[in-house]
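The values are calculated or read from the model by the stated rules, or taken from the named source; none is laboratory data. Here the structure is a predicted model, which means the values were calculated and not measured. Cβ: placed from backbone, ideal geometry, glycine included. Neighbour counts: every protein chain shown. With ligands, DNA and RNA removed, areas are computed over all heavy atoms of the protein, side chains included. Shrake-Rupley method; radii C 1.70, N 1.55, O 1.52, S 1.80 Å.
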Amino acid sequence: MIKTVTLVGAGNLATQLGKSLTENGIEIVQVCSRTETSAKALADQLGCPYTIDLKKLKQADLVIVSVKDDVLERVLKQIDKRSRVVHTAGSVPMEILAGYFKNHGVFYPLQTFSKQREVDFSNIPICLEASSVEFLQELKQLANRLSQNVSLVNSEERESLHLAAVFTCNFVNHFYHIGDGLLGEKGLDFSLLKPLIQETALKVMSLKPIDAQTGPAVRYDETIIDKHLELLSYKPELRKIYSFISRSIYNSKK
């Protein structure tokens with residue numbers, strides 16, 4: 001059974017995961033991060049020591065590595081090869097760990113995380129993959145302490161899941177940012193859109209997204225679409241986005 005964890009990384013995911021682990025009785029024995037500022041900030045919240053030296057990681061039942069994908073392998077090379085290690089990346093295959101650690105796997109919480117916003121882990125999907133049945137069982141026991149939604153997802157499936165998440169979260173949030181900017185130019189507040197955002201999200205809880213789609217692009221109402229494109233005449237990049245997305249929505253209904 002996993003009772004102690006060392007966290008490598010102190011970003012958004014590591015922060016919220018560390019808090020949830022602590023709240024559910026798992027001891028965080030140490031936080032390791034690239035900078036002393038970030039390592040100390042998270043360690044202070046979790047009530048544990050910190051280091052910026054991967055060679056000085058304290059022993060724990062599990063090392064959770066939550067760092068940027070492009071530095072992951074560089075980090076793995078510096079961790080004691082006797083450690084049991086998981087990464088939390090959506091699009092990085094488990095096999096990247098195989099050359100370094102006998103017991104390895106993936107512990108991937110599917111959610112958007114920010115340091116400043118608390119999250120309830122109980123309904124967050126946690127996707128697992130492991131190098132052995134025995135290690136997988138331990139990861140499942142750990143995940144079940146945090147969430148009621150635990151799934152076995154292999155590397156290929158997780159890659160597609162992460163891609164889908166980018167479309168449904170990151171891209172959608174960018175559109176919120178665009179909408180906020182358009183309203184701000186007219187002195188209007190983003191809060192005017194919040195009931196619409198809420199209802200749009202709630203609809204796909206009971207309808208398939210394609211059945212929930214509304215707006216001028218579904219019927220390809222050229223009068224409204226052309227008017228919107230005219231309003232965007234001073235923003236050529238947004239015109240391209242608007243035209244491309246409108247055509248994509250229309251084609252999806254065929």
Problem set entry | Cβ-derived FRET efficiency at R0 35 Å, D70 paired with M205, nearest 0.05 | 0.50
Exercise. Given a 1.4 Å probe, how much area per residue of segment 108-210 is accessible, in Å²?
Worked result: 67 Å²
For this session: Highest first, please rank the peptides 131-142, 10-21, 243-254 by the mean number of other Cβ atoms sitting within 10 Å of their residues.
Result: 10-21, 131-142, 243-254
For this session: Run the accessible area of the chain with a 1.4 Å probe and give the carbon-and-sulfur part as a rounded percent.
Result: 53 percent
For this session: Under 1.5 on a/c is rounded, so check that first for segment 175-254, then, if it is not, pick prolate when a/b is larger than b/c and oblate when it is not; a ≥ b ≥ c are the square roots of the alpha carbon gyration tensor eigenvalues.
Result: oblate
Exercise. Please identify the trypsin sites (Lys or Arg not before Pro) of segment 22-94 that satisfy two criteria: DSSP loop assignment and at most 15 other Cβ atoms within 10 Å. Which are they?
Worked result: K58, K68, K77, K81, R82
Exercise. Which of the DSSP-defined H helices in the chain satisfy a minimum axial length of 27 Å, computed from C-alpha atoms, and a minimum mean Kyte-Doolittle hydropathy of 1.0?
Worked result: none
For this session: Just list whichever of K68/K115; K203/K254; K115/K140; K55/K77; K19/K68; K208/K254 have alpha carbons separated by over 18 Å in the model shown.
Result: K203/K254; K115/K140; K19/K68
Exercise. Points 7 angstrom from Cα along the Cβ direction at N24 and N149: gap in nanometres?
Worked result: 1.3 nm
For this session: Would you indicate which of [x] 21.7, 74; [y] 21.9, 66; [z] 19.4, 66 is the value of Rg and Dmax of the Cα atoms in Å derived from the coordinates of this structure?
Result: [y]
Problem set entry | Point-to-point label distance, T214-K56, nm (Cα→Cβ direction, 7 Å offset) | 5.9 nm
Problem set entry | Residues with amide H under 5 Å from that of V63, placed H, sequence gap 5 or more | T6, R84, V85, V86
